[in-house]
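S.K.: Would you mind keeping the following structure in view while I ask a few things?
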Amino acid sequence: MGTESNGGFKNVTITNCVFDYSRGLALETVDGGLLEDVTISNITMRDIVNAPIFIRLGARMRGPDTIPVGVCRRILLSNIVIYNADYRHGAIISGLPGHPIEDLRMNNIRIYYKGGGTADLASRVVPEFEKDYPEPYRFGKMPAYGFFVRHVRQLDMRDVEVSYLSPEERPAYILEDVDGAVLDHLVGERAGAGESIVLKQVKGYHYSP
């Protein structure tokens, strides 16, 4: 969905699909459109060449000057298995400061990444890129190998597990500027004593290992 997103996307269901040696799921609204009420379930992916999950609320605003920033809300992803996903990006979920993605639910997701990220990437500060073309490669190599989640309100992640096929030194999950989060049985393979889940400016959350 996107990148052209003046009109937006509403009331969409995607189910029972196979992605083979391709890009992953990309839900993008950057030109002021609504992206809401989307359910995606029963998906298998293999040999994914960029981010297997990419959800982006941006402010490119390629349209009339009077149009406000769009809205991205009420999205449900469930029953997804992904094998051999590209190591650079992980899953990227990014709203904007003051314009969070809202009511995002992800459950029963299993992702095997290629691995290969280095420890120095874990401290990388990712720019907002709010007016850029919304593609994972714009974000560069991410500080988390599994999920990078930023600017979200009401996040629910249950039974989500990520691991890697070759050595990986980044944390599995980074959550930044998240308001209200339920994290239930998040599993992330990690190297040595490194952190699996990193929380930055996260408030109102409940965590159950």
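The values are calculated or read from the model by the stated rules, or taken from the named source; none is laboratory data. Computed from a predicted structure; not experimentally measured. Backbone-built Cβ (ideal geometry, glycine too); neighbour counts: all protein chains shown.
S.K.: How about the range 93-147: which of its residues are more than 13 Å from the chain's Cα centre (by Cα), part of a helix (DSSP H, G or I) and under 14 Å from F54 (Cβ atoms)?
M.R.: Of everything in the range 93-147, those that are more than 13 Å from the chain's Cα centre (by Cα), part of a helix (DSSP H, G or I) and under 14 Å from F54 (Cβ atoms) turn out to be Y137, R138.
S.K.: Cβ contacts < 8 Å: first residue over 19 Å from I174 (Cα atoms) and modelled with pLDDT of 95 or more, restricted to the range 68-93; second residue outside any strand (DSSP E or B) and of a type in the set (V, I, T), any location; separation 6+ or different chain. Result?
M.R.: Listed by first residue and then by second, the contacts come to G70/V30; I82/I48; N84/I48.
S.K.: Now for a separate question. So how many residues does the range 19-29 have that are under 14 Å from G90 (Cα atoms) and either part of a strand (DSSP E or B) or in contact with a Cys (Cβ under 9 Å, 6 or more places away or on another chain) (or both)?
M.R.: Narrowing the range 19-29 to residues under 14 Å from G90 (Cα atoms): 23-26.
With the extra rule that they be either part of a strand (DSSP E or B) or in contact with a Cys (Cβ under 9 Å, 6 or more places away or on another chain) (or both), the set shrinks to 25-26.
Residues meeting the conditions: 2.
S.K.: Find all pairs meeting these conditions: Cβ atoms under 6 angstrom apart; at least six residues apart or on different chains; first residue within the range 190-201 and assigned to a strand (DSSP E or B) and among the hydrophobic types (A, V, I, L, M, F, W, C); second residue surrounded by 11 or more Cβ atoms within 10 Å (Cβ to Cβ) and at pLDDT 85 or above.
M.R.: I197/Y173; V198/P171; V198/I174; L199/L175
S.K.: Of everything in the range 34-67 that's of a type in the set (D, E, K, R) and over 19 Å from I111 (Cβ atoms), which residue is farthest from the chain's Cα centre (by Cα)?
M.R.: Applying the first criterion (of a type in the set (D, E, K, R)) to the range 34-67 yields 36-37, 46-47, 56, 60, 62, 65.
Right, trim to over 19 Å from I111 (Cβ atoms) and you get 36-37, 60, 62, 65.
Working: E36: 16, D37: 17, R60: 19, R62: 23, D65: 28 Å.
Per the stated criteria, the residue is D65.
S.K.: Among the residues of the range 115-127, is there at least one that is hydroxyl-bearing (S, T, Y) and either touching a helix residue (DSSP H, G or I) at 6+ places or on another chain (Cβ under 9 Å) or more than 19 Å from L199 (Cα to Cα) (or both)?
M.R.: Restricting attention to the range 115-127, the residues satisfying the condition of being hydroxyl-bearing (S, T, Y) are 118, 123.
Imposing the further condition that a residue be either touching a helix residue (DSSP H, G or I) at 6+ places or on another chain (Cβ under 9 Å) or more than 19 Å from L199 (Cα to Cα) (or both) reduces the set to 118.
Yes: one or more hits.
S.K.: Are any residues in the range 66-80 surrounded by fewer than 19 Cβ atoms within 10 Å (Cβ to Cβ) and under 15 Å from I14 (Cβ atoms), and if so, which ones?
M.R.: The answer is R74, L76, S78, N79.
Residue-by-condition table, conditions (1) outside any strand (DSSP E or B); (2) surrounded by fewer than 15 Cβ atoms within 10 Å (Cβ to Cβ):
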{"residue": "D31", "(1), (2)": "yes, no"}
{"residue": "T39", "(1), (2)": "no, no"}
{"residue": "M45", "(1), (2)": "no, no"}
{"residue": "F54", "(1), (2)": "no, no"}
{"residue": "P64", "(1), (2)": "yes, yes"}
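S.K.: Which of the residues belonging to the range 153-189 are of a type in the set (A, V, I, L, M), touching an Asp or Glu at 6+ places or on another chain (Cβ under 7 Å) and either at positive phi or outside any strand (DSSP E or B) (or both)?
M.R.: Of everything in the range 153-189, just one residue is of a type in the set (A, V, I, L, M), touching an Asp or Glu at 6+ places or on another chain (Cβ under 7 Å) and either at positive phi or outside any strand (DSSP E or B) (or both), namely A172.
S.K.: Determine whether I174 is buried (at least 21 other Cβ atoms within 10 Å of the Cβ), within 16 Å of the chain's Cα centre (by Cα) and β-branched (V, I, T).
M.R.: Values: buried (at least 21 other Cβ atoms within 10 Å of the Cβ): yes; within 16 Å of the chain's Cα centre (by Cα): yes; β-branched (V, I, T): yes.
So I174 passes the test.
S.K.: For the range 177-206, which residues satisfy the criterion of being small (G, A, S), surrounded by 14 or more Cβ atoms within 10 Å (Cβ to Cβ) and within 19 Å of D103 (Cβ to Cβ)?
M.R.: Within the range 177-206, G180, A181 qualify.
S.K.: If Y133 satisfies every condition in (1) in contact with a Ser or Thr (Cβ under 9 Å, 6 or more places away or on another chain); (2) at pLDDT below 95; (3) over 19 Å from V69 (Cα atoms) but one, which is the exception?
M.R.: Looking at each condition in turn, Y133 falls short on (3).
S.K.: Please tell me if Y112 is modelled with pLDDT of 95 or more, surrounded by fewer than 23 Cβ atoms within 10 Å (Cβ to Cβ), aromatic (F, W, Y) and out of contact with any Lys or Arg (no Cβ under 6 Å at 6 or more places or on another chain). Step through it out loud before you land on a result.
M.R.: Numbers: modelled with pLDDT of 95 or more: yes; surrounded by fewer than 23 Cβ atoms within 10 Å (Cβ to Cβ): yes; aromatic (F, W, Y): yes; out of contact with any Lys or Arg (no Cβ under 6 Å at 6 or more places or on another chain): yes.
Answer is yes for this residue.
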